[in-house]
Amino acid sequence: MYYFKEEINGQNSWAKVFQSTKAFQDLAQAIFKKEGITLREEIQNLTPGTNAVFKADHYVIKIFAPEESGFGTKFDYNTELSVMEHIKGKGIAAPDLITYGTMKDKYLFHYIIMEYIDAKEAGDCLTSFHREQKIRIVKQLQTILKDLNQTADHLLIKKDLQKQAIDNPHLKGLADTLKLDLADCVRNQEMDFCCLVHGDITGENVLITTEGRIILIDFADCTLAPAYYELGPIVFELFRGDREYISEFMGDIKKEEFLEQLMKGLALHEYCGNLIIDYLTRLRIPYENVKSLEELKCIISQNIF
């Protein structure tokens, strides 16, 4: 008899259940028991991603989609685990890793149990902050990035980012001419210095405590890349194009240089297409009408500076 009773046979089947506390309650309880953790409450939903993420007591359990889902999350599991172990003691504000492992049930589930942080998602509150609060948030983020974006060649998480970007399925919907420009931008990049990057610093993956302290979560998309790989998610999804945040974040960097780094990071990013489409949609600009990288660059420049 299995703890997890649903049928998983592709991405659609996983999408139907991965947020279901009912489907995962028994499995999660069995995993906690296996790890010697006694729970007082049932699991509760947290903001979903690709994997099943729940809260119980003072813990977060992340159950990765099994192989049968078609998502291929074993690399993500190994990445998140290795990065969380790597950043311990480095002063990077992140949840503590409690334990991890695999559970052989109806399917083989990889899981990570970590500390629950009682905080709000940045996406729910950053837009309402006054200038002094914005400055404090940016300074904290800059400190985190300084500590995080260091060489970490011992971590086996490197991807062929240029090939991934050129063959990127997430560009679907963009004009073909813009896709060609993005590919050219990627091919022309020097990849000599790569450091550890989070890769998904968005409003969902930055938490803000009641004391105004920011916490970085979800390290499954970490990789080794130029530091400017971080800029697309930060500018478009965390700051939502807010000029005050961006100006403070730039500091003494000239606008032209910052914009150049932003465009290079955007072109190289795995979710380049999503970032562009979501940003242009918020601006009420039909993304399919943007025909070139230069045109996109002009739109971004006009709206963030």
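Brief remarks on what is shown
- Once segment 29-68 is narrowed to residues that are surrounded by 15 or more Cβ atoms within 10 Å (Cβ to Cβ) and among the hydroxyl-bearing types (Ser, Thr, Tyr), the residue that is modelled with the highest pLDDT is Tyr59.
- Enumerated helices (runs of 4 or more DSSP H) restricted to segment 211-305, each holding at least 2 residues that are of a type outside the set (Asp, Glu) and farther than 23 Å from Leu171 by Cβ: 243-250, 255-268
- Restricting attention to segment 204-227 and to residues that are small (Gly, Ala, Ser) and crowded, with 20+ Cβ neighbours inside 10 Å, the residue that is farthest from the chain's Cα centre (by Cα) turns out to be Ala225.
- Any chance Ile217 is touching a helix residue (DSSP H, G or I) at 6+ places or on another chain (Cβ under 9 Å) and of a type in the set (Val, Ile, Thr): no
- The residues of segment 33-59 that are within 21 Å of Ala220 (Cβ to Cβ), more than 22 Å from the chain's Cα centre (by Cα) and of a type outside the set (A, V, I, L, M) amount to a single one, Glu35.
- Considering the conditions (1) more than 26 Å from Met250 (Cα to Cα); (2) in contact (Cβ under 8 Å) with a residue 24 or more places away in the chain, Leu182 is excluded by exactly one of them, (1).
- Of all residues in segment 65-75, those satisfying the criterion of being under 13 Å from Gln11 (Cα atoms), of a type outside the set (Gly, Ala, Ser) and either in a helix (DSSP H, G or I) or over 15 Å from the mean Cα position of the chain (by Cα) (or both) are Pro66, Glu67, Glu68, Phe71.
- Selection from segment 18-28 of residues that are buried (at least 16 other Cβ atoms within 10 Å of the Cβ), in contact (Cβ under 8 Å) with a residue 24 or more places away in the chain and in a helix (DSSP H, G or I): Phe24, Leu27, Ala28
- Only one of the numbered conditions (1) in contact (Cβ under 8 Å) with a residue 40 or more places away in the chain; (2) of a type outside the set (Asp, Glu); (3) closer than 27 Å to Lys5 by Cα is violated by Tyr100, and that is (1).
- Just one of the listed residues (Thr50, Thr38) is hydroxyl-bearing (Ser, Thr, Tyr) and more than 28 Å from Arg213 (Cβ to Cβ), and it is Thr38.
- Answer residue from segment 7-17, given it is more than 22 Å from the chain's Cα centre (by Cα) and touching a residue at least 60 places away in the same chain (Cβ under 8 Å) and is farthest from Lys55 (Cα to Cα) among those: Gly10
The values are calculated or read from the model by the stated rules, or taken from the named source; none is laboratory data. The model shown is predicted, which means the values in this text are computed figures rather than measured ones. Cβ: placed from backbone, ideal geometry, glycine included. Neighbour counts: every protein chain shown.
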